[in-house]
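The block underneath contains the structure these notes are about, expressed in structure tokens.
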Amino acid sequence: MNEKDFIGKRGETIFAFLIGKKCNGRFWFHCDFLGDKAETKDFVVYLIKPACTEATFFVQVKATSKGYTGKGKSRKLKANVSKKDVKKLQGVTGPAYIVGIDVETEEGYLVAVTKKSRSHYSGIPCKHKIDCALIEKLWKEIEAYWVNRNMTATKSLFS
């Protein structure tokens with residue numbers, strides 16, 4: 001393995017630690033590393049105790065030790081996400097996010113991937129730092145997404 005591989009592995013470990021933190025007296029998420037099994041999707045993350053039966057989202061982790069550009073609201077982590085990866089994340093079956101990890105400070109920043117997302121990222125915006133406030137808001141967003149979807153089949157040839 002080269003240094004880039006070690007940075008990537010470290011970033012994945014930091015993400016799993018950050019998203020699995022106990023906040024406000026409880027755990028909110030647990031995750032499974034998908035690795036090479038699922039191209040572009042590094043993790044599937046599960047909500048703990050959602051109102052619906054199952055609620056998940058996907059994450060691609062981009063780790064770096066290169067620091068930041070900009071200041072204030074325009075601050076970005078020096079990590080890129082290709083057009084190909086954004087397009088793939090837009091096509092997953094459920095919510096998807098990109099997480100930039102600074103392996104030096106062990107901090108992470110989350111960006112939602114939606115139909116209106118940029119086509120690529122030449123830096124991960126630092127607007128949404130993964131902390132307890134974000135974790136609780138993210139849990140509520142994902143639960144609302146799954147609760148509001150009617151996933152039960154209404155008819156079948158085999159009914």
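Taking neighbour Cβ counts within 10 Å as the exposure measure, how do GLU106, GLU3, GLU12, GLU143 sort from fewest upward?
Least crowded to most crowded, the residues run GLU3, GLU106, GLU143, GLU12.
Out of (i) 9.0; (ii) 11.3; (iii) 15.9, which label holds the value of mean projected area of the Cα convex hull in nm² that was computed here?
Structure-derived value, by its label: (ii).
Within the stretch 1-88, list the trypsin sites (Lys or Arg not before Pro) lying in a DSSP loop whose Cβ has at most 16 other Cβ atoms in a 10 Å radius.
Taking the stretch 1-88 and a limit of 16 other Cβ atoms within 10 Å, the loop trypsin sites (Lys or Arg not before Pro) found are LYS21, LYS66, LYS71, ARG75.
How many lysine pairs in the stretch 97-157, separated by 8 or more positions in sequence or lying on different chains, have Cα atoms less than 25 Å apart?
12
Using the count of nearby Cβ atoms within 10 Å as a rough guide to exposure, how do ILE19, ILE48, ILE7, ILE124 rank from fewest to most?
Ranking ILE19, ILE48, ILE7, ILE124 by Cβ neighbours within 10 Å, fewest first, gives ILE48, ILE7, ILE19, ILE124.
Relative contact order of the stretch 3-146: what whole-number percent is it, with Cα pairs under 8 angstrom and at least 6 residues apart?
Relative contact order of the stretch 3-146: 25 percent.
As a footprinting exposure proxy, order HIS128, HIS30 by other Cβ within 10 Å, with the fewest listed first.
By the 10 Å Cβ count, ascending: HIS30, HIS128.
By Kyte-Doolittle mean hydropathy of at least -1.0 and Cα axial length of at least 20 Å, which whole DSSP H helices of the chain are selected?
Details: long enough: 3-19 (24 Å, 0.19); 132-147 (22 Å, 0.34).
Counting only whole DSSP H runs, the qualifying helices are 3-19, 132-147.
Check the straight Cα-Cα distances from LYS66 and name the lysines below 16 Å, setting aside those fewer than 8 residues away within the same chain.
The reachable lysines, counting only those whose Cα sits under 16 Å from LYS66, are LYS4, LYS9, LYS76, LYS78.
Every number here is computed from the coordinates shown, using simple stated rules; none is lab data. None of the values given here were measured: they were computed from a predicted structure. Backbone-built Cβ (ideal geometry, glycine too); neighbour counts: all protein chains shown.
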